[in-house]
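Input: a single structure, listed below in structure tokens.
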Amino acid sequence: MESVGTWYWYAGFAVLVVLAVIVDLLVLGNKRNEQVSFRQALVWSILWIALALIFNALLWWYLDGKFGREVANETAAEFFTGYLLEKALAVDNLFVFLMLFTFFGVAPAMQRRVLIIGVVGAIILRGIMIFIGAILIAKFHWILYVFGLFLLFTGVKMLMFAEAEGDLDSNPILKWIRGHLRITNEYHGERFSIVKDGQRWFTPLFVVVAMIGITDVIFAVDSIPAIFAVTLDPFVVLTSNVFAVLGLRALYFMLADLAGRFHLLKYGIAFILVFIGIKMLLIDLYKIPVGFALSVVGIVLASSMVASLWITRKPGAAPTSADR
């Protein structure tokens, strides 16, 4: 499968990701006893988005000089569409993180460490799955139809059960963990395990990290087929995916107090998954222009978020960190 990415683009991107994770740790993880304010999280979320846009602009400039304006425009549009799509799915992922933190009573100081583990885990998992997906698509073209059907099914299922509330107590994975591991009743700082009476006990924080990891796997399974419906270029798939994941910690602290106000976002994401699934199923019959796909993703996301905020606009409906 041909790719616009060369070895030095991959190498440069890898260095950029490492530096970005380090910055994330230093900026949002250096003061463990202080809660990240809404304003601080908003500023850093904007900076992460700006970083992705700058990368896309540099990629466009490089492709424009090497392959021409048409290739540069199409690739840049594919990157931005994939980035928006993956960002939306990542936000949905964050709401699950919030549910886990609330259920287990994880203090804000400990949430930072769990989130960085979740972000790094998501990057590694997506990199592996993108690599496998690119190989499968190159060898078996029909796998695209499997991806399309899967996305269609996932979108319809999300539409049907958008209002259903998850019951973690009945979660089979959590039940298995509790049934097979010795779990302490209380937290022990940021430790994942302790030795008590000569036996290894795991803390609730370990359980949270395990559930976050499983959540990463589930959402990666959803997101990878979706991005391959936008572009088959593995470099664009990888970079747009990782940029969407970078900065999730800042985005989490920005949206945590507003999560209840975005209840229509799930419907928007579900519609997008259905649209992307149909796009993939039609790939050999009609290629939906990437510009049109970008418009659909952007309009649906913006509409669902604005509508959510409008419906819940009553004073005091959703207090935020900015109000404190």
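Quick notes on this one:
- Some residue of the stretch 213-226 being in a loop (DSSP other than H, G, I, E, B), surrounded by fewer than 22 Cβ atoms within 10 Å (Cβ to Cβ) and of a type outside the set (A, V, I, L, M): no
- Considering residues of the stretch 131-140 that are more than 11 Å from Pro225 (Cα to Cα) and touching a residue at least 12 places away in the same chain (Cβ under 8 Å) only, the residue nearest to the chain's Cα centre (by Cα): Phe131
- Only one of Leu174, Leu168, Leu238 that is modelled with pLDDT of 90 or more and of a type outside the set (Val, Ile, Thr): Leu238
- Condition met for Gly260 (part of a helix (DSSP H, G or I), surrounded by fewer than 21 Cβ atoms within 10 Å (Cβ to Cβ) and not polar (S, T, N, Q)): yes
- Residue within the stretch 271-278 that is surrounded by fewer than 23 Cβ atoms within 10 Å (Cβ to Cβ) and more than 19 Å from Tyr83 (Cβ to Cβ) present: yes
- Output for the stretch 75-107, where each listed residue is buried (at least 19 other Cβ atoms within 10 Å of the Cβ), modelled with pLDDT of 85 or more and small (Gly, Ala, Ser): Ala76, Ala77, Gly82, Ala88
- The stretch 143-158: number of residues that are of a type in the set (D, E, K, R) and under 11 Å from Ala226 (Cα atoms): 0
- Put simply, of Arg249, Arg200 the only residue that is over 24 Å from Ile269 (Cβ atoms) and of a type outside the set (A, V, I, L, M, F, W, C) is Arg200.
- Residue in the stretch 118-137 that is more than 30 Å from Val236 (Cα to Cα) and not hydroxyl-bearing (Ser, Thr, Tyr) present: no
- Residue among Ala250, Ala210 that alone is part of a helix (DSSP H, G or I), under 16 Å from the mean Cα position of the chain (by Cα), small (Gly, Ala, Ser) and under 28 Å from Gly105 (Cα atoms): Ala250
- Out of Leu258, Leu273, Leu246, Leu264, sole residue that is in contact with a Phe, Trp or Tyr (Cβ under 8 Å, 6 or more places away or on another chain) and in contact (Cβ under 8 Å) with a residue 40 or more places away in the chain: Leu246
- Which listed residue, of Ile212, Ile124, Ile224, is hydrophobic (A, V, I, L, M, F, W, C) and more than 21 Å from Leu265 (Cβ to Cβ): Ile124
- Residue match in the stretch 20-30 (condition: under 17 Å from the mean Cα position of the chain (by Cα), of a type outside the set (Phe, Trp, Tyr), under 19 Å from Val217 (Cα atoms) and assigned to a helix (DSSP H, G or I)): no
- The set of residues in the stretch 107-146 being outside any helix (DSSP H, G or I) and among the aromatic types (Phe, Trp, Tyr) consists of Phe140, Trp142.
- For the residues Leu59, Leu100, the requirement of being farther than 21 Å from Ile224 by Cα and over 17 Å from the mean Cα position of the chain (by Cα) singles out Leu59.
- Verdict on Lys157 being of a type in the set (Lys, Arg), under 30 Å from Leu264 (Cβ atoms) and modelled with pLDDT under 90: yes
The values are calculated or read from the model by the stated rules, or taken from the named source; none is laboratory data. Bear in mind that the values here come from a model prediction, so they are computed numbers and not experimental data. Virtual Cβ from ideal backbone geometry, glycine too; neighbours counted across all protein chains shown.
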